[in-house]
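Only one structure is covered here, and it is reproduced in the block below.
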Amino acid sequence: VYAKPAGRPLVDTFVTEVSQDTWIFFPWDMEPQPSTPIIGQRG
């Protein structure tokens, strides 16, 4: 899990620190169009 400098005081544990000006892309954010939220995908 990641922590940016501004959020570091709010977390107890993190894997790596990422500079404040870096945007982190997560697989669920990479869709080229809007996608159904995970909560809405439950059958």
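A few points about this structure:
- When you filter the chymotrypsin sites (Phe, Trp or Tyr not before Pro) in segment 5-41 for DSSP loop state and at most 16 other Cβ atoms inside 10 Å of their Cβ, you are left with Phe14, Trp23, Phe25.
- Projecting label points 7 angstrom from Cα along Cα→Cβ for Asp21 and Ile38 puts them 3.1 nm apart.
Laboratory data are not the source of any read-out in this text; all were calculated from the coordinates shown. Note that the structure is a prediction, hence the values are computed from the model and not measured. Heads up, the Cβs are rebuilt from the backbone with ideal geometry, glycines too, and the neighbour counts pull from every protein chain shown.
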